[in-house]
Amino acid sequence: MIRMSDSLASLARSSRLASYISMIGIRYLTTRAASSLQEIIKASSYIGRDDEFANDIDWNNLGFGLTPTDYMYIMKCGRDDEFKQGQLNRYGNIELSPSAGVLNYGQGLFEGTKAYRGEDKRLFLFRPQQNAIRMQIGAQRMCMPSPSTEQFVDALKKTVLANRRWIPPPGKGSLYVRPLLIGSGPILGLAPASEYTFLVFASPVGNYFKDGTAPLNLYVEDEFHRSTRGGAGDVKSITNYAPVLKSLSRARNRGFSDVLYLDSVHKRYIEEVSSCNVFILKRNVLSTPATNGTILEGITRNSIIEIARDLAFQVEERPIPVEELLDADEVFCTGTAVGIAPVGSITYKGNRIEYKTSNQLVCLRLYSRLVGIQRGIIEDKMGWMIEID
């Protein structure tokens with residue numbers, strides 16, 4: 001066991017550090033070098049300090065870009081093993097074998113959730129159990145072990161607490177939390193990797209789209225497809241995202257915000273935007289494509305469905321022909337990164353369909369309810385918010 005100096009022992013007796021040591025587990029402290037203990041003491045200084053924010057951050061103009069924070073969480077296990085206790089590390093590069101499963105065969109998953117600073121300075125995570133369950137489902141599809149729900153949520157809490165000075169002030173943004181599960185072990189032939197790494201890092205973020213809350217201009221892609229039946233489109237595999245870059249780049253070069261994809265069989269039914277779900281509203285009926293194996297079951301998507309039903313809207317999950325875009329009252333996108341983004345126009349086969357834009361949109365009403373819950377302004381009757389102690 002590492003022998004603490006008198007000064008470190010004195011620090012350990014303080015209630016703040018003692019609680020933090022208890023949180024991360026004494027096993028971690030007894031297996032790390034003294035220099036790592038100094039890092040833990042530094043991380044503990046952020047616990048409970050609501051008046052301290054990271055320096056040199058313009059909280060009023062946060063975009064959706066990577067801002068390196070202080071700490072990340074890492075946990076490993078073997079192919080036929082279970083994940084055990086992980087640990088906090090300084091944020092930085094990780095070492096991988098050139099033959100790692102994730103590099104050679106794309107054996108990897110990621111999740112995305114957010115931490116919020118409430119008006120009363122309490123810290124919250126939004127529905128992290130659902131992210132854990134979705135990762136477990138994806139891990140089964142990708143032949144990977146996965147953390148338990150308890151391990152997953154605990155890792156997120158520790159990561160957020162260690163980086164709490166990077167959580168924006170209320171109403172200025174959120175701390176985007178990115179859990180990764182990758183095949184880190186070496187492999188040459190096509191097979192599951194021999195080792196797996198679960199990693200969590202975070203970054204303060206604002207609006208996902210560069211134009212902020214301005215309505216999106218979408219282009220309907222009828223040449224390339226995001227996913228196909230029998231593929232992995234309904235899990236958050238890393239392999240789902242690089243294939244959309246060509247269509248997305250082409251659309252943005254032509255002045256569009258993003259791409260709306262059609263199904264690969266009939267090339268008629270709308271499915272997803274590049275990284276978010278889509279809804280259409282006609283009178284009091286809110287419709288979204290059914291998750292039939294090619295569409296990711298978004299957590300924000302499910303939350304909006306529940307909020308809409310609570311507000312007496314009729315909600316349908318069904319195949320939506322692209323022709324229904326012609327007479328929709330509203331179209332909007334949902335996702336962890338985008339929140340809710342109203343659509344101002346959609347271009348399909350050279351024809352541009354425009355939608356009304358105002359501060360009276362139903363999607364903004366739904367978003368206001370969602371954000372109110374996330375920031376602790378509206379009572380969380382759904383039990384979605386997890387307070388971080």
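The values are calculated or read from the model by the stated rules, or taken from the named source; none is laboratory data. Given the structure is predicted, the values throughout are model-derived calculations rather than measurements. Every residue, glycine as well, gets a Cβ built from its backbone with ideal geometry; the counts of neighbours run over all protein chains shown.
Go over the candidates C363, C333 one by one and state the one that is closer than 30 Å to E221 by Cβ, in a strand (DSSP E or B) and either in the same structural domain as T300 (by TED's automatic domain parsing) or among the basic types (K, R) (or both).
C333
Based on this model, can you work out whether N284 counts as more than 14 Å from L364 (Cα to Cα), loosely packed, with under 15 Cβ neighbours inside 10 Å and either outside the structural domain of Q129 (by TED's automatic domain parsing) or touching a residue at least 12 places away in the same chain (Cβ under 8 Å) (or both)?
yes
If we keep just the residues of the range 85-104 that are in a loop (DSSP other than H, G, I, E, B) and either within 23 Å of the chain's Cα centre (by Cα) or not assigned by TED's automatic domain parsing to the domain that holds L161 (or both), which is surrounded by the fewest Cβ atoms within 10 Å (Cβ to Cβ)?
Looking at residues that are in a loop (DSSP other than H, G, I, E, B) and either within 23 Å of the chain's Cα centre (by Cα) or not assigned by TED's automatic domain parsing to the domain that holds L161 (or both), I get N93.
Quick check: anything in the range 90-112 in contact with an Asp or Glu (Cβ under 8 Å, 6 or more places away or on another chain), modelled with pLDDT of 95 or more and farther than 27 Å from N240 by Cα?
Yes, there is a match, as at least one residue in the range 90-112 is in contact with an Asp or Glu (Cβ under 8 Å, 6 or more places away or on another chain), modelled with pLDDT of 95 or more and farther than 27 Å from N240 by Cα.
Of the conditions (1) touching a strand residue (DSSP E or B) at 6+ places or on another chain (Cβ under 7 Å); (2) free of Cβ contacts under 8 Å to residues at least 60 places away in the same chain; (3) within 19 Å of R90 (Cα to Cα), K158 fails just one. Which one is it?
(2)
Just name the residue that is nearest to I305 (Cα to Cα) out of those in the range 374-385 that are crowded, with 18+ Cβ neighbours inside 10 Å and at pLDDT below 95.
For the range 374-385, the residue satisfying everything is Q374.
Looking at the range 57-78, is at least one residue under 24 Å from G206 (Cα atoms), assigned to a loop (DSSP other than H, G, I, E, B) and over 20 Å from the mean Cα position of the chain (by Cα)?
Yes; the residues of the range 57-78 include at least one that is under 24 Å from G206 (Cα atoms), assigned to a loop (DSSP other than H, G, I, E, B) and over 20 Å from the mean Cα position of the chain (by Cα).
Is there a residue being outside any helix (DSSP H, G or I), surrounded by 14 or more Cβ atoms within 10 Å (Cβ to Cβ) and either in the same structural domain as M142 (by TED's automatic domain parsing) or over 23 Å from the mean Cα position of the chain (by Cα) (or both) anywhere in the range 227-237?
no
Go through the range 306-339 residue by residue and tally those that are in contact with a Ser or Thr (Cβ under 7 Å, 6 or more places away or on another chain), farther than 17 Å from N131 by Cα and not charged (D, E, K, R).
Number of matching residues: 1.
Filter the range 114-150 down to residues that are of a type in the set (S, T, N, Q), surrounded by fewer than 22 Cβ atoms within 10 Å (Cβ to Cβ) and either in a loop (DSSP other than H, G, I, E, B) or under 19 Å from the mean Cα position of the chain (by Cα) (or both), then give me how many there are.
Residues meeting the conditions: 5.
Could you tell me which of the residues D80, D120, D70, D56 is modelled with pLDDT of 95 or more and of a type in the set (D, E)?
So the residue among D80, D120, D70, D56 that is modelled with pLDDT of 95 or more and of a type in the set (D, E) is D70.
Can you say whether A312 is modelled with pLDDT of 95 or more and exposed (fewer than 13 other Cβ atoms within 10 Å of the Cβ), as far as the supplied structure shows?
yes
Matching residues to (1) in contact (Cβ under 8 Å) with a residue 40 or more places away in the chain; (2) out of contact with any strand residue (DSSP E or B) (no Cβ under 6 Å at 6 or more places or on another chain):
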| site | (1), (2) |
| --- | --- |
| L296 | yes, yes |
| T300 | yes, no |
| A312 | no, yes |
| P319 | yes, no |
| E324 | yes, yes |
| I340 | yes, no |
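Kindly evaluate T294 against the criterion of being out of contact with any Leu (no Cβ under 8 Å at 6 or more places or on another chain) and either surrounded by fewer than 21 Cβ atoms within 10 Å (Cβ to Cβ) or at pLDDT 95 or above (or both).
no
Hey, could you check the range 315-339 for residues that are modelled with pLDDT under 95 and either under 18 Å from A251 (Cα atoms) or of a type in the set (A, V, I, L, M) (or both) and say which is surrounded by the most Cβ atoms within 10 Å (Cβ to Cβ)?
V338
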